[in-house]
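The values are calculated or read from the model by the stated rules, or taken from the named source; none is laboratory data. This one's a predicted model, so the numbers in the text were calculated from it and none came from an experiment. Reconstructed Cβ throughout: ideal geometry from the backbone, glycine too, with neighbour counts over all protein chains shown. SASA here: full protein model, heavy atoms, side chains in, ligands and nucleic acids out. Shrake-Rupley method; radii C 1.70, N 1.55, O 1.52, S 1.80 Å.
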Amino acid sequence: MKRWLMDILCCPVCKGEIELSVTEEDGEEIMEGSLRCPACSVDYPIHEGIPNLLPPEPEGE
């Protein structure tokens, strides 16, 4: 994931701002880490440079 994507990404649940936490970087590419929405306390993983921004499944499904 490119760092500049943070300028356009938002939480898919509440449309709020998300925070980036990086655990591995390769040049300008974020390879591992997570995106977190502080408003709704949802974490979205970044694995092998791909952010998973699918909203969490409702409980009970």
Considering only residues of the stretch 10-33 that are part of a loop (DSSP other than H, G, I, E, B) and touching a residue at least 24 places away in the same chain (Cβ under 8 Å), which is surrounded by the fewest Cβ atoms within 10 Å (Cβ to Cβ)? Glu28
How many residues are part of a loop (DSSP other than H, G, I, E, B) and surrounded by 13 or more Cβ atoms within 10 Å (Cβ to Cβ) if we restrict to the stretch 41-59? 2
If you check Arg3, Arg36, which single one turns out to be open to solvent by 70 Å² or more (accessible area, probe 1.4 Å) and at pLDDT 95 or above? Arg36
